[in-house]
Every structure is written in C-alpha cells, then in structure tokens.
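Participant: Pasting in a structure now, in structure tokens, and then I'll have a few things to ask.
The values are calculated or read from the model by the stated rules, or taken from the named source; none is laboratory data. A quick note: this is a predicted structure, and the numbers were derived from the prediction, not measured. In this analysis, Cβ positions are derived from the backbone assuming ideal geometry, glycine residues included, and neighbour counts consider all displayed protein chains. Accessible surface is based on the protein model in full, side chains and every heavy atom, while ligands, DNA and RNA are left aside. Shrake-Rupley method; radii C 1.70, N 1.55, O 1.52, S 1.80 Å.
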Amino acid sequence: MTLRGWGTPKDVAKGLQWLEGAARLGHLLASYDLAALLLARGNNCERAVKLLKNVAERGWGSLSEATADFEAGDYSWALYNYLRAADVGVELAQHNAAWMIGSGLGYTGEGVAELAARMYKWSAVQGNHAALVPLGDAYWYGRGTEVNLKNAADMYQTAS
C-alpha cells in the first residue's frame, strides 16, 4: 500500500523496507513482491533470484509432505517426496534425500549409493557446503562413484 500510495502517502523507500522486513520473516508473498520489484528496477538481480528460489522451494508441497512423513516414521514416503522435490531443484530436499539414503532410511536396494552421491552433488552445486564432506567421502571410498582421491581432496578442501 505504501509503495503505491493506496490509503497512505506514497513512499517507495518505506514500502521496500516493509517488504524487506516481511520477506526476512518468511512471508512468501512479500518475498515474491520484493523480488518482482528488484527485477523491474533492474537492480540486485542476485537478491531477486534468491528470493524467488526461496518462494519456489517453500511453496513446493512435496517438501512439507516429506517432512511430515519423516516425522511420522514413514521413511519410504518421506524419501519419495524428498526425491520428487529434489528432482525439481529443491536443495534442501536433495540434501535430505541423500542423508536418508546414506542412513539406510526409506530404501536400501540397488543403486542407492549412486543416488546418494548424485543428490549430494546437486545439493553442493547449489551452495550447500555441508554436502561436500559426504560427497568427498563418496569419492574417497568409491560409494556410488569411482574412487577419485583428487576429487575427494577438492571436496574436503572446499568444505573446510
């Protein structure tokens, strides 16, 4: 309202402050509106992308379903829903799916080591440094990938 002067004097700077505060507190619509304004003004595109990523990830139903399934002890469904969200790029889901697989929760059949390594790799690419250590372990021990000590060392070094 403050941004557009609806029922209050128009004040763009103050309106942006209100949106920033609401976005910091996790309000999805405020995050989306702030991202749209940043993109429209052509400044701080990196911040806008981060806001939109957060909106997309928090709005994805599979992630909340996966968390509820995990808390209920239904690990197969939790893993299934984490993998659904991971497939569309939700970093938290990628990391959680990899952790579940590595912990033997949800599925223990053929190809789990490869899937865990892939999920940790996807998570690391999106900036989750915590995924680098288990990814380094995968390279070191050959879990789901060929043994590659150079890649393992690179992962450990980057994580540190």
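Participant: Only residues that are farther than 26 Å from Leu105 by Cα and at pLDDT 85 or above: list them for the stretch 42-75, please.
Facilitator: Scanning the stretch 42-75 gives Cys45, Glu46, Arg47, Ala48, Val49, Lys50, Leu51, Leu52.
Participant: Just the residues that are open to solvent by less than 60 Å² (accessible area, probe 1.4 Å) and either of a type in the set (Ser, Thr, Tyr) or in contact with a His (Cβ under 6 Å, 6 or more places away or on another chain) (or both), please, taken from the stretch 29-87.
Facilitator: Within the stretch 29-87, Ser31, Ser62, Thr67, Tyr82 qualify.
Participant: Also: Kindly establish whether Ala23 is touching a Leu at 6+ places or on another chain (Cβ under 6 Å), farther than 30 Å from Thr145 by Cα, buried (at least 21 other Cβ atoms within 10 Å of the Cβ) and not aromatic (Phe, Trp, Tyr).
Facilitator: Judged against the criteria, Ala23 is a match.
Participant: Sticking with this structure for a sec: Kindly indicate the residue of the stretch 88-105 that is in contact (Cβ under 8 Å) with a residue 24 or more places away in the chain and among the polar types (S, T, N, Q) and also most open to solvent (accessible area, probe 1.4 Å) among those meeting that condition.
Facilitator: Checked the stretch 88-105; the qualifying residue most open to solvent (accessible area, probe 1.4 Å) is Asn96.
Participant: Could you count how many residues in the stretch 141-160 are free of Cβ contacts under 8 Å to residues at least 24 places away in the same chain, among the polar types (S, T, N, Q) and surrounded by fewer than 16 Cβ atoms within 10 Å (Cβ to Cβ)?
Facilitator: 3
Participant: Let me ask something else. For the stretch 90-117: of the residues being touching a helix residue (DSSP H, G or I) at 6+ places or on another chain (Cβ under 8 Å) and not hydrophobic (A, V, I, L, M, F, W, C), which is farthest from Gly142 (Cα to Cα)?
Facilitator: Glu91
Participant: How many of the residues in the stretch 99-127 are more than 17 Å from Thr158 (Cβ to Cβ) and assigned to a helix (DSSP H, G or I)?
Facilitator: As a first pass, look at the stretch 99-127 and keep what is more than 17 Å from Thr158 (Cβ to Cβ): 99-116, 118-119.
Checking which are assigned to a helix (DSSP H, G or I) leaves us with 99-102, 112-116, 118-119.
Within the stretch 99-127, residues that are more than 17 Å from Thr158 (Cβ to Cβ) and assigned to a helix (DSSP H, G or I) number 11.
Participant: Please determine whether any residue of the stretch 126-140 is in contact with a Pro (Cβ under 7 Å, 6 or more places away or on another chain) and open to solvent by less than 40 Å² (accessible area, probe 1.4 Å). Let's see the steps before the verdict.
Facilitator: Filtering the stretch 126-140 for residues in contact with a Pro (Cβ under 7 Å, 6 or more places away or on another chain) gives none.
There is no residue in the stretch 126-140 that is in contact with a Pro (Cβ under 7 Å, 6 or more places away or on another chain) and open to solvent by less than 40 Å² (accessible area, probe 1.4 Å).
Participant: Also, quick follow-up: Taking Ala56 as the residue in question, decide whether it is in contact with a helix residue (DSSP H, G or I) (Cβ under 9 Å, 6 or more places away or on another chain) and not hydroxyl-bearing (Ser, Thr, Tyr).
Facilitator: Considered against the rule, which asks whether it is in contact with a helix residue (DSSP H, G or I) (Cβ under 9 Å, 6 or more places away or on another chain) and not hydroxyl-bearing (Ser, Thr, Tyr), Ala56 comes out as no.
Participant: Next question, about the same structure. Can you tell me how many residues within the stretch 128-150 are in a helix (DSSP H, G or I) and closer than 24 Å to Asp87 by Cα?
Facilitator: Here the count works out to 11.
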